[in-house]
Amino acid sequence: MSVFVSVKNLVKNYGDFCAVDNLSFSVEKGEIFGLLGPNGAGKSTTINVITTLDGCTKGTVEIGGMDIEKHRTEVKRLIGVVPQDIAVYPFLSAIENVRFFASLYGIKGKQLEEAAKEALEFTGLADKAGMKPKHMSGGMKRRLNIACGIAHSPKLIIMDEPTVGVDAQSREHILDFIKILRDRGATVIYTSHYMNEVEQLCDRIAIIDRGRLVACGTGQELVSLVTEYKSFKLKTKIPADFDEKQFIKNTVSLPTVHAVAVNGDVITIETTLECSDFSDILEHIRKFRLPVISVVSQIPDLDSVFLTLTGHEMR
Ligand SMILES: Nc1ncnc2c1ncn2[C@@H]1O[C@H](COP(=O)(O)OP(=O)(O)O)[C@@H](O)[C@H]1O
Ligand SMILES: [Mg+2]
């Protein structure tokens, strides 16, 4: 494997606000690389810099060994972008949209026609070629957005939260498309705030939070960063006068407890791996007059990786 995208010490400030804070990572050729982080983590900002839509405050980005500032035109030819906000023309038909975007990359004539048809077929929209996006469902528009980004067969496909607002079936289709694109040789950068999706899809993942890199590696490597801890989720009924701050403070002070998060009526508690008896913790929970409706013990996943490494849940 060789490095295809290299992001080094990337900083992006908006006035006094630092949206991307010294971010470095590299993407191997032919992999699906996930940028995982909560809303506002800086994913789109990073993508906008990589795709040359926006400049950065500091740092460098290389794609295919070329600096994106110095080789802007060559770099742009390698990239296909599927933006977070659907960017298709409502009054052009599906095929006219795909033709338009592919033509921006210099594809013409018969090749353009074939590329547009193939992109629509690939995204399951072949029978909707004449339909205008204004008549399409959210999932169909998302698929058209993808068709427009990939028709010119880019070597690097960058997708920014392409499954937001789509139904479960379209989502599965989209995830399948992305794997096929990778298997055909493309390199993919995929951003999402959905842990499961990223865990299921991506070969390697960079977790970002507040513009900073939290950790980077395969799903397994990330989990092994935190296997000193295990967790359990407890379903309860939070009373109206519940003092969440005090509860969290007291609970984390228990010797076997490492981290606590309260999310609605679900309390997630991380304990040391050695903790083989939860009775002290349950006793403590009862003192706060919290009923124990159910308890599920969990093998660490990316949720717990995020909680452990950042100290807060990804919402
Ligand atoms: N043009 C802008 N001006 C000022 N702040 C911005 C701008 N674009 C994004 N931000 C801020 O930068 C942070 C990161 O945003 P963004 O990259 O969109 O996050 P994500 O895509 O991970 O949800 C957010 O706090 C957002 O409000
Ligand atoms: Mg975003």
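The values are calculated or read from the model by the stated rules, or taken from the named source; none is laboratory data. Predicted model, so just to flag it, every value in this text is computed and none were measured. Glycine gets a Cβ as well: all are built from the backbone with ideal geometry, and neighbour counts include every protein chain shown. Just so you know, the surface numbers come from the protein's heavy atoms only, side chains and all, with ligands and any DNA or RNA stripped out. Shrake-Rupley method; radii C 1.70, N 1.55, O 1.52, S 1.80 Å.
Here is how the numbers come out for the structure above:
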| item | result |
| --- | --- |
| Any hit, segment 48-57, residues being more than 23 Å from Val214 (Cβ to Cβ), within 16 Å of the chain's Cα centre (by Cα), open to solvent by less than 60 Å² (accessible area, probe 1.4 Å) and within 14 Å of ligand 1 (Cβ to nearest atom) | no |
| Residue list for segment 65-76, filter: surrounded by 13 or more Cβ atoms within 10 Å (Cβ to Cβ) and either over 16 Å from Ile47 (Cα atoms) or within 16 Å of ligand 2 (Cβ to nearest atom) (or both) | Met66, His71 |
| Subset of segment 296-307 [β-branched (Val, Ile, Thr) and more than 19 Å from Gly34 (Cα to Cα)] | Val296, Ile299 |
| Scan of segment 113-147 for residues that are over 19 Å from Ser170 (Cα atoms) and in contact with a Ser or Thr (Cβ under 6 Å, 6 or more places away or on another chain), ordered by number | Gly130 |
| Among the candidates Val27, Val7, residue that is more than 12 Å from the chain's Cα centre (by Cα), away from ligand 1 (no atom under 16 Å from the Cβ), aliphatic (A, V, I, L, M) and open to solvent by less than 40 Å² (accessible area, probe 1.4 Å) | Val27 |
| Top-ranked residue in segment 77-100 [being under 25 Å from the mean Cα position of the chain (by Cα) and farther than 18 Å from Arg142 by Cβ; ranked as surrounded by the fewest Cβ atoms within 10 Å (Cβ to Cβ)] | Arg77 |
| Top-ranked residue of segment 181-196 - restricted to ones that are part of a helix (DSSP H, G or I) and more than 16 Å from ligand 2 (Cβ to nearest atom), ranked as least open to solvent (accessible area, probe 1.4 Å) | Leu181 |
| Any hit, segment 169-180, residues being closer than 24 Å to Thr45 by Cβ and surrounded by 21 or more Cβ atoms within 10 Å (Cβ to Cβ) | yes |
| Of all residues making up segment 149-167, the number that are assigned to a helix (DSSP H, G or I) and either open to solvent by less than 10 Å² (accessible area, probe 1.4 Å) or over 10 Å from Ala119 (Cα atoms) (or both) | 1 |
| Residue list for segment 154-170, filter: free of Cβ contacts under 8 Å to residues at least 40 places away in the same chain and closer than 26 Å to Phe4 by Cβ | Thr163 |
